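Each remark here refers to the structure printed beneath this line.
The values are calculated or read from the model by the stated rules, or taken from the named source; none is laboratory data. Please read these numbers as outputs of a predicted model, since none were measured by experiment. A quick note on method: Cβ atoms are made from the backbone with ideal geometry, for glycine too, and the neighbour counts reach across all protein chains shown.
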Amino acid sequence: MGRYRFDVLQRKTKDVPLALLQLRAPGITAEAAAGGLATGRITARAANIARDLCNAPPSHLTAAGLGEVAKDLGARFGFDVEEFDKQQLIELGCGGLLGVNAGSAQEPRMLKLTFTPEGESTGHLGMVGKGIMYDSGGVSLKPSDPMHLLMKMDMGGAASVLASFTALRELKAPAKVTGFLMCTDNMPAGSAYKLGDVLTARNGTTIEVKNTDAEGRLVMCDALTLAVEEGADAIVDIATLTGASLMALGQLTAALFGNNQPLVDRVRDAAAHTDEQVWQLPLERQYRKQLDSDIADISNLGGKYAGATTAALFLAEFAGDTPWAHLDIAGTMQSDSDDVWRSKGATGFGTRILIELARGFTPVPVQASSPAD
């Protein structure tokens, strides 16, 4: 993994069809220890697939293009892919995703991934990935600084979920796993959603838009609702969600929240096993009032403090009583330089956590709230 390089667009490599990415397994040396070699190869391959997806330029990998890649991977690695286009999303009432997509020249896509194990399933795990293919900030336009170079990676959560599915069959995951990837870019245009707009989510919740650059939670709320409707025993979402998590924990550690401590503990154990650092932050319910709206059920932005927590509180509204954990990977999605297993560029962070979680998944006890609340 440490030798990974995204070089498929350099002239020294062979040409690659626009719709498909070069997906390749990392080299494995003869000296590698025999124990865990097969698992390591599979999980490293998955992480590198996530890296390739994140590193691809936004003009090369649109929401529709990710759908094509997902179907190719599904056929190769044994999971089903359902693709929902704009009209189908309208029929489903996915107002969060449609609102964010309103300024884009590219159609949105929701990708539903389903892995069904051989034999009797030990449970049903839901995964949700933020798939903002490029984030300009929308009408709340981001400044023209180096941050824009990273905004093609704002689909890092969706990439990690998709990549994790490539490992489930080979590692004989015992549970059914359903993934939802919510994919669009976020662009300014005359048709774009605006500050003060009110969107209606899949579950009927009305959302006042206070900042169009707080778009990730808008696309994910529809997916969380659908995962609950699917009857998932637990849901884990993963998203490059807030700059606040980067400011709090830096580039090595992802923020972890949840409404169910046993599930949060399982995510922490999976992270420790895969050497992907996470730190649990409190889902402080007293901050919920920052999301109050005078004209809608909820707003998409809290106050100027605890931004990672208020974003998590927004998502928690749509998970309801279903055990749910949230990984904010805004800081860990990329590395500025080579560092141990992290190669410069996209890291594929979270892919191996999700795989490890799915490999031993069974339902967790349902709690009214987390002890960390």
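Condition first: of a type in the set (Lys, Arg), at pLDDT 95 or above, within 19 Å of the chain's Cα centre (by Cα) and not in a loop (DSSP other than H, G, I, E, B). Can you find one or more residues in the stretch 85-107 that meet it?
no
Limited to the stretch 192-235, what total is found for residues that are buried (at least 20 other Cβ atoms within 10 Å of the Cβ) and of a type in the set (Val, Ile, Thr)?
6
Please verify whether Leu168 is touching a strand residue (DSSP E or B) at 6+ places or on another chain (Cβ under 7 Å) and either of a type in the set (A, V, I, L, M, F, W, C) or under 23 Å from Glu229 (Cβ atoms) (or both), treating the condition exactly as stated.
yes
How about the stretch 315-333: which of its residues are closer than 19 Å to Val198 by Cβ and either surrounded by fewer than 24 Cβ atoms within 10 Å (Cβ to Cβ) or among the basic types (Lys, Arg) (or both)?
Residue satisfying the conditions is Glu317 alone.
Given the options Leu171, Leu181, Leu195, name the one that is outside any helix (DSSP H, G or I) and within 20 Å of Gly307 (Cβ to Cβ).
Just a single option satisfies the conditions, and that option is Leu195.
Can you name every residue in the stretch 198-211 that is part of a loop (DSSP other than H, G, I, E, B), over 14 Å from Glu317 (Cα atoms) and touching a strand residue (DSSP E or B) at 6+ places or on another chain (Cβ under 7 Å)?
Selection gives Val209, Lys210.
Restricting to the stretch 68-87, what's the tally of residues that are free of Cβ contacts under 8 Å to residues at least 12 places away in the same chain and either of a type in the set (S, T, N, Q) or surrounded by 18 or more Cβ atoms within 10 Å (Cβ to Cβ) (or both)? Before the answer, list the steps.
Here is the first cut: in the stretch 68-87, the ones free of Cβ contacts under 8 Å to residues at least 12 places away in the same chain are 75, 87.
Subsequent filtering for residues that are either of a type in the set (S, T, N, Q) or surrounded by 18 or more Cβ atoms within 10 Å (Cβ to Cβ) (or both) retains 87.
The number of residues fulfilling the criteria is 1.
Being among the small types (Gly, Ala, Ser) and assigned to a strand (DSSP E or B) is true for just one of Ala325, Ala296, Ala316. Which residue is that?
Answer to the selection: Ala325.
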